[in-house]
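To start, the structure itself, in structure tokens.
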Amino acid sequence: MSNESNNSKDAKDSKESKESNEKLLKMIKAMLAEKQKEKQNEPKSTDQHKFWKTQPVVRYEDKPVEQGPLKLQTLDEVPKQPQSLPTGFEWCTVDVTDEGHLAELYDLLYANYIEDDDEQFRFKYPAAFLRWALTPPGWNPEFAVGIRATESQKLLAFISGIPANLVVREAEIKAVEINFLCVHKKLRSKRLAPVMIKEVTRRVNLTEVWQALFTAATIIPTPVSTAQYYHRVIDWSKLYEVGFAHLPENSTPEEQIAQVEVKKVALEGFRKLELEDLPQVQKLLSEYLSKFQLYQKFDLDEMKHWFIPASKESPVMSYVVEENGVITDFISCYGLESTVLGNHKHDTIRIAYMFYYATQHEDLKERLTTLYEALLVKVKENNYDVLNALTAMDNPLVFENLNFKPGDGFLNYNLFNWKTPRIDGGIDNSVYEPAPGGLGVVLL
Ligand SMILES: CC(C)(COP(=O)(O)OP(=O)(O)OC[C@H]1O[C@@H](n2cnc3c(N)ncnc32)[C@H](O)[C@@H]1OP(=O)(O)O)[C@@H](O)C(=O)NCCC(=O)NCCS
């Protein structure tokens, strides 16, 4: 996490202070973007990507002005068999309804999945999370692709796809969302990732689906959008102890703790989302999302899957505001633990991530702030240490008021076999107002 400036309390409300805050924010953003570029060692040309230069993706040098597929294919052009693997390895399909398979996937991801740059934290996906993430309505068991060691049968690599009806600038696309690409640490840099990507593509193409959306921290030709992570610290002391939060030079731990106090809010009609609310919420959400240039369409079954917790272990939390029998607002988040590596006091941090929301209210900034505040209370009650949000959707409208701080993590959104002009991910504008209306999709 990055630190913010300490503004003088007296000047806080003045126009001058607001302007200097905005300038500072702009500077921080520019610095972070620079740092990000250095870290990612962005290649100069698409041709340096040995694998991606062969794929139907937008080249860095091209700036699409129109949209559409990059390559048209027919079913008989799709290979019927997977590419053969080196001796000692074999393809498998991970059965995500099987507890044993889920445990193997958990183990692979637990030890080998995404870490931060300083190798302090690693995502930890429990079985209930994986089941939720990988089995939405219409899911295809074949899209959970693994590689095993032939002799030991140990799971060594994984990639998955789930169906999603995407809307990109009003074009509706039957697509998949690709996620959980992971190669065992001992097999890195052996060009296994491209083999995994080609195999999941082949299996998806066999169902006559030709487009995909995926996110990556690294830059791959060519992100259609980029968003930045912001963090609303809840348990400052714990996050400080694990190295996630920092103590600004002129501040004290007491000041930091006071700054992140979660105050109870009075929001009449705020309650848990129930099954019977879904038709109203679906309408509300689809109307709200339709203003974005990239979003996902949810039918009622999908709404149920993504937003109604299936069990006590379910990671999703969803709330609505009901006014005189009418659902006026909806807000949700999901929770995920990260393993803390090499810390004696804490072994995990509990992170909540903003998911989807929608409101009928027109005073978007004010209303979203109130909804977020009500959600924060629930997030704290559920013992989360921090709430993360990307600069996607209208999230940036609430960041300043609710004490979110910019993080140093960026997320690139890539479309496979679809070109479209770049979409604003909430950081392309130096100051977020009015809302850019770009990214309206959340990938787990
Ligand atoms: C991501 C991961 C699978 C890449 O494996 P690797 O052994 O480092 O890379 P390989 O040698 O097999 O392949 C390299 C190719 O894969 C591409 N690649 C690497 N990560 C990628 C990603 N997240 N998405 C798409 N392509 C990716 C590289 O760009 C490169 O292709 P290029 O030469 O055309 O640029 C591996 O580092 C890993 O498991 N990391 C932890 C989990 C993770 O970060 N997953 C990605 C989630 S977004």
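The values are calculated or read from the model by the stated rules, or taken from the named source; none is laboratory data. Since this is a predicted model, take the numbers as computed values, not measurements. FYI the Cβ positions are ideal-geometry reconstructions off the backbone, even for glycines, and counts take in every protein chain you see. Just the protein is used for accessible areas: all its heavy atoms, side chains included, with ligands, DNA and RNA removed. Shrake-Rupley method; radii C 1.70, N 1.55, O 1.52, S 1.80 Å.
Using C-alpha pairs under 8 Å with a sequence gap of at least 6, the mean separation divided by the residue count of segment 336-419 gives a relative contact order of 27 percent. Mean projection of the Cα convex hull over all viewing directions, computed for segment 54-213: 11.4 nm².
Average accessible surface for the chain: 49 Å² per residue, computed with a 1.4 Å probe over protein heavy atoms with every protein chain in place.
For the set 50/174; 185/312; 304/365; 174/272; 312/378; 154/238, the pairs lying more than 24 angstrom apart at their alpha carbons are 50/174; 185/312; 304/365; 174/272; 154/238.
Principal axis analysis of the Cα atoms in segment 298-409 yields extents of 51, 34, 24 Å, listed in decreasing size. Residues 201, 46 ordered from highest to lowest accessible area at a 1.4 Å probe: 201, 46. Altogether, the Stokes-Einstein calculation at 4 °C and 1.567 mPa s, with the Kirkwood radius of segment 331-390 over Cα pairs as Rh, returns a diffusion coefficient of 101 µm²/s. In the chain, the portion of solvent-accessible area held by carbon and sulfur atoms comes to 50 percent [1.4 Å probe, whole percent, DNA, RNA and ligands not counted].
For the chain, what does the helix formula give at 222 nm: sum of -39500 (n - 2.57) over DSSP H segments with n ≥ 4, over the residue count, nearest 500 deg cm²/dmol?
Rounded to the nearest 500, the figure is -8000 deg cm²/dmol.
Which percent, nearest 5, of DSSP beta bridges in segment 54-213 are antiparallel?
90 percent
Remark on segment 183-261: Rg and Dmax equal 21.0, 59 Å (Cα only).
Taking R0 as 60 Å, what's the FRET efficiency between residue 322 and residue 119 from their Cβ-Cβ distance, rounded to 0.05? Numbers along the way, then the final one.
Working: r = 45 Å, r/R0 = 0.76.
E(calc), rounded to 0.05, equals 0.85.
Summed over all non-identical Cα pairs, the Kirkwood treatment of the chain gives a radius of 23.1 Å.
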